[in-house]
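Everything below concerns the one structure shown next.
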Amino acid sequence: MSLSTLFETIQEKFGKQIQSMHAEHEDQAYIFMGDPDIRPITEYLRGEFQARLVSVFAEDRRSREGVFFNYYVFEQRGDTQFLIVRAPVPAADPRFPSLSAELPAVNWQEREIQDWFGLTAVGHPNPRRVALHDNWPDVHPLRKDFLIDTVLPPFEGERHIYRPALGEGVLQVPVGPVHAGTIEPGHFSFAVAGEPILYLQLRMFYTHKGTEKLFEKLPIHKAVFLAESISGDSSFSHGTAFCQAIERAAEIEVPSDALIMRTILLELERLCNHVADIGAIATDVGFVVANAHASRLKEMLLAANEQLAGNRLLRGMVCIGGVRRAWGAWQIELLRVAIEAFTREFRDLVALINSSESTRDRLEHTGILKPEIARDLGIVGVAGRASGIDLDVRRDHPYAAYPSFSFKVPIYQAGDVWHRLQVRVDEVQESISMIREAASRNLSGQFRVPVPPIPPNRCALSAVEGWRGEIIHWIRTGSDNHLERCKIKDPSLNNWPALVEAVQGNIIADFPVINKSFNLSYSGTDR
Amino acid sequence: MFKILQKTIRTGIVTTTYPSKPARVSDHFRGRPSFDFEKWQDARPAADECPTGAISWRNTDDSRKVTVDYGLCVFCGLCAEASPDQAVRITKEFELATANRGSLVLTAEYTLNADGTHRNLSAVSHGCANADADVESVGAKARETIQKLLGRSLSIREVDAGSCNGCELEIVALNNPIYDIERFGIHFVASPRHADMLLVTGPVTRNMELALLKTYRAMPEPKLVVAVGACGISGGIFGENYASLGGVDKVVPVDVYIPGCPPRPQALLQGILLAVGRLREKRYDEHPSR
């Protein structure tokens, strides 16, 4: 049975706790609970349907409905519909039962709810702050009565207490937030015994810039640009996820040519990032020449990006209702030429890497993420597929023009750096053939439709397979071209804990390459 | 090894000639929006569309003061779409780096028609005219010393103070064989103790304020600070809020500002070379119709 047809069963089994159930849009069904305790239904959905808990987030509805709501988004393999369970959290007694002990995947997400909304996750195995650092005052920024421009007192020092690493010869190595390379900020605390890493503790959210709160302040058409700035390397994916959510809420039909153009640009973004990561992984084991070629290949694509979108990161191209500009025949031709040149060069790059025994030797059996751990932690995207997690939003919840393309989803079980590299190599091939096919279609039709006023109080969920993995945007529209709530989930948020598992037992000198093989976005995590 | 050499020889030299020759950018590249203030009938639609408030206006009695701030601009091009008569045009110019934050701001004053459109352009000013002269000359002296000491070779420490990682992608590109910043004797270093220049991105989050300050203090004198991108200059789309301070110069003194969202690698090169006195600021024409 699919999730979408389970209303009757649910009614029978949980009738007393259920307030109402309804389908909204073609790919979303909601179950409104009357009871904050979602443990029984969660257990049932996970057990009976092998449903996966995709995301957990909260909303402050005190002013309208007198309560907070927690949302639990589920999906089931083979069913394109998302099932969203909504549970009330009373304003007078803001507590909800934690699922983290059984479901480590929601560990950080529940703690975000604690920090940002001031709701307590009862029974959480590690209820310490995660999204707001320990030196923040007692504020809950996503509550409606917290104003976005509140000036907080200056923060003093780092008050976070790291778990001590004890034992003879055991050392603690602190790294960050400012790193040696040109990368984003975060703090890593390694416990090492000699060279091998015993344990890694992460401290993220250094780049928290109030993004979700800001979505509630900006008019919707301007918020598209904020979505593009959630994670710069995924500008187009996040921008598209956001526009899709608005389009769903306002029932805007995007022209088919615009959907194909979006698909091409989404795949171009994937190519740019995958080829850069392949080069960067090679660099981190000393194969600098491969990176020189990889970065040259990336530049070829960035030049094409600029021709197609006016911007190297594909910014300012996606818009609500389609894309902002049409392409002339010469642009399509240019894209074709660029892709053919890229294909030839990419073949050489892969051959170069495969010819280097020492590179392969360093990458194989390094930073292993075991499939069972990946499943428990809810790992998604490239990192998941290298560890046997067969998920891909493009196939599981098709959007843009993906229903009309066939592509393979590469799955490996080994879960080491080499296989995370292999997933990227395979996906580059798939993207190339999709772009080739898309570019051969006639794209002279309509590329955008006018946007009607966005109706208030509509909810919509949108999912996009960014190059890194599953991106989720959930919105509730408000009045006057504004949003009441915009929840962003970047795949990085799921995947950071995987890094902790993957580095254990590896030498500290291999940390950079293991980290690079995940290449997670700090900004996407921290928002 | 033979394969590697073969591939290298076949590939040949790929490094750009910028800045000795102008950069090749695509025909569709969105650079600086240029404003024909005389032609501009109404600034309000463009201001309404602008996602970061880079275009703003204020009315007093029957006149309007319009402000354009390239330090906030994310180069989306919506202002040109919203302004008829081609009063706002998107150019391919990207060399906007400057030592003077004020010079990124243009203002125009208009008298108004009854329907709120512009009637007469009464004044245009480019940059801040009343910059403190003393501060300027002190700054110039310090810059001279720095140019003498660091002009030939430079070590850069990069700090992400809360960026979306877009600027980082372009900064990393400076090290690739196309832009190859090492050809200028400039390289990125791992520690602020080895650095002459701090290249800072992001709106400076509250959580990065202390780390940025500590990194700055750890650098030996003389030192330069370059603020990168709309966020680094002004907070960009994030602006100032409970978690964001709204620009690098809120925390450390900035020598050069590089607009862009993100600035393309050539724009970064221009800004960095400008900071060490190896390039001059570009003057752009504010009145393209004349």
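The values are calculated or read from the model by the stated rules, or taken from the named source; none is laboratory data. Only a predicted model underlies this, so the values are computations on that prediction, with no experimental measurement involved. Cβ sites come from the backbone with ideal geometry, for glycine too, and all protein chains shown count toward neighbours.
Could you tell me whether any residue of segment A:512-521 is of a type in the set (Ser, Thr, Tyr), surrounded by 23 or more Cβ atoms within 10 Å (Cβ to Cβ) and in a loop (DSSP other than H, G, I, E, B)?
The initial filter retains those residues of segment A:512-521 that are of a type in the set (Ser, Thr, Tyr), namely A:517, A:521.
With the extra rule that they be surrounded by 23 or more Cβ atoms within 10 Å (Cβ to Cβ), the set shrinks to A:517, A:521.
Filter once more, keeping what is in a loop (DSSP other than H, G, I, E, B): A:521.
Within segment A:512-521, one or more residues are of a type in the set (Ser, Thr, Tyr), surrounded by 23 or more Cβ atoms within 10 Å (Cβ to Cβ) and in a loop (DSSP other than H, G, I, E, B).
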As an exercise: evaluate A:Thr150 against (1) in contact with a helix residue (DSSP H, G or I) (Cβ under 9 Å, 6 or more places away or on another chain); (2) within 8 Å of chain B (Cβ to nearest Cβ); (3) farther than 20 Å from B:Arg217 by Cα and give the number of the one condition it does not meet.
(1)
When A:Trp136 is run through (1) farther than 22 Å from A:Tyr162 by Cβ; (2) modelled with pLDDT under 95, the failure sits at (1)
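Out of B:Gly271, B:Gly202, B:Gly260, which single residue is buried (at least 18 other Cβ atoms within 10 Å of the Cβ), of a type outside the set (S, T, N, Q), closer than 19 Å to A:His208 by Cβ and under 16 Å from the mean Cα position of the chain (by Cα)? Please lay out each step first, then the result.
On the way: B:Gly271 fails: closer than 19 Å to A:His208 by Cβ; B:Gly260 fails: closer than 19 Å to A:His208 by Cβ.
Among B:Gly271, B:Gly202, B:Gly260, only B:Gly202 is buried (at least 18 other Cβ atoms within 10 Å of the Cβ), of a type outside the set (S, T, N, Q), closer than 19 Å to A:His208 by Cβ and under 16 Å from the mean Cα position of the chain (by Cα).
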Residue in segment B:101-116 that is within 11 Å of chain A (Cβ to nearest Cβ) and either without any contact (Cβ under 8 Å) to a residue 24 or more places away in the chain or of a type in the set (Lys, Arg) (or both) present
no
Within segment A:153-178, which residues are within 11 Å of another protein chain (Cβ to nearest Cβ) and modelled with pLDDT of 90 or more?
A:Pro177, A:Val178
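Name the one entry in B:Ile156, B:Ile171, B:Ile186, B:Ile146 that is more than 10 Å from chain A (Cβ to nearest Cβ) and under 20 Å from the mean Cα position of the chain (by Cα). Give the steps one after another, and end with the answer.
Values: B:Ile156 fails: more than 10 Å from chain A (Cβ to nearest Cβ); B:Ile171 fails: more than 10 Å from chain A (Cβ to nearest Cβ); B:Ile146 fails: under 20 Å from the mean Cα position of the chain (by Cα).
Of the residues listed, the single one that is more than 10 Å from chain A (Cβ to nearest Cβ) and under 20 Å from the mean Cα position of the chain (by Cα) is B:Ile186.
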Do you know which residues across segment A:452-492 are surrounded by 18 or more Cβ atoms within 10 Å (Cβ to Cβ) and not in a strand (DSSP E or B)?
A:Ile454, A:Arg458, A:Gly466, A:Trp467, A:Arg468, A:Gly469, A:Asp490, A:Pro491, A:Ser492
Of the conditions (1) within 20 Å of B:Ala99 (Cβ to Cβ); (2) without any contact (Cβ under 8 Å) to a residue 60 or more places away in the chain; (3) part of a helix (DSSP H, G or I); (4) touching a helix residue (DSSP H, G or I) at 6+ places or on another chain (Cβ under 6 Å), the single one that B:Ala227 does not satisfy is (3)
Only one of (1) among the acidic types (Asp, Glu); (2) buried (at least 24 other Cβ atoms within 10 Å of the Cβ); (3) away from chain B (no Cβ under 14 Å) is not met by A:Glu247, so which one is it?
(2)
I need a count of the residues in segment A:390-437 that are assigned to a helix (DSSP H, G or I), of a type in the set (Asp, Glu) and over 20 Å from A:Asp277 (Cα atoms).
2
Please count how many residues of segment A:37-75 are hydrophobic (A, V, I, L, M, F, W, C) and in a strand (DSSP E or B).
10
When you check A:Gly505 against the structure, is it farther than 19 Å from A:Ala227 by Cα and in contact with a Pro (Cβ under 8 Å, 6 or more places away or on another chain), yes or no?
yes
Listed residues A:Ala292, A:Ala351, A:Ala341, A:Ala280; which is part of a helix (DSSP H, G or I), surrounded by fewer than 18 Cβ atoms within 10 Å (Cβ to Cβ) and facing chain B (nearest Cβ under 9 Å)?
A:Ala351
Give the residue that is surrounded by the most Cβ atoms within 10 Å (Cβ to Cβ), with candidates limited to residues of segment A:200-212 that are facing chain B (nearest Cβ under 7 Å) and closer than 22 Å to A:Leu147 by Cβ.
A:Lys209
So A:Ile252, is it in contact (Cβ under 8 Å) with a residue 24 or more places away in the chain and either within 11 Å of another protein chain (Cβ to nearest Cβ) or not in a helix (DSSP H, G or I) (or both):
yes
